[in-house]
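Scroll down for the structure; my scribbles are underneath it.
The values are calculated or read from the model by the stated rules, or taken from the named source; none is laboratory data. It should be emphasised that the depicted structure is a prediction, and the values quoted were computed from it without experimental measurement. When we count neighbours, we look across all protein chains shown, and the Cβ atoms used for this are built from the backbone with ideal geometry, even at glycine.
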């Protein structure tokens, strides 16, 4: 069972992703802010992190930079989720260390494929 951290300020998105991950047999960790997400990543050591690009306290690029700058979280695969991908932002996210840049809403099949590919089980 993989631990998947979702960082998003939309409660509906978090609930939907949590239920989907549960159906796939994995554990969802939820955070509504970047700060909360970073703290959860450090304390829970998730296998994969999905973060929204726009959060109230920081953006996805800042989250990636913080994760990659911390030895305990530097190797965790990070996926960016965004409702409106802009080419510059996509390139910046990948340059910062994001594995993938995904458009919302995320298809459940895509979510399952990403978990299978990146989760250390």
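Of all residues in segment 83-98 being free of Cβ contacts under 8 Å to residues at least 40 places away in the same chain and in contact with a helix residue (DSSP H, G or I) (Cβ under 7 Å, 6 or more places away or on another chain), which is surrounded by the most Cβ atoms within 10 Å (Cβ to Cβ)?
98
Looking at segment 17-121, what helices (runs of 4 or more DSSP H) fall wholly within it and have at least 1 residues that are modelled with pLDDT of 95 or more and under 15 Å from the mean Cα position of the chain (by Cα)?
34-44, 60-68, 108-118
Tell me yes or no: at least one residue of segment 44-56 is without any contact (Cβ under 8 Å) to a residue 60 or more places away in the chain, out of contact with any helix residue (DSSP H, G or I) (no Cβ under 9 Å at 6 or more places or on another chain) and either crowded, with 16+ Cβ neighbours inside 10 Å or at positive phi (or both).
Yes, segment 44-56 has at least one match.
Look at residue 114 and say whether it is surrounded by 18 or more Cβ atoms within 10 Å (Cβ to Cβ), in contact with a strand residue (DSSP E or B) (Cβ under 6 Å, 6 or more places away or on another chain) and within 14 Å of residue 6 (Cα to Cα).
So residue 114 does not fit the description; no.
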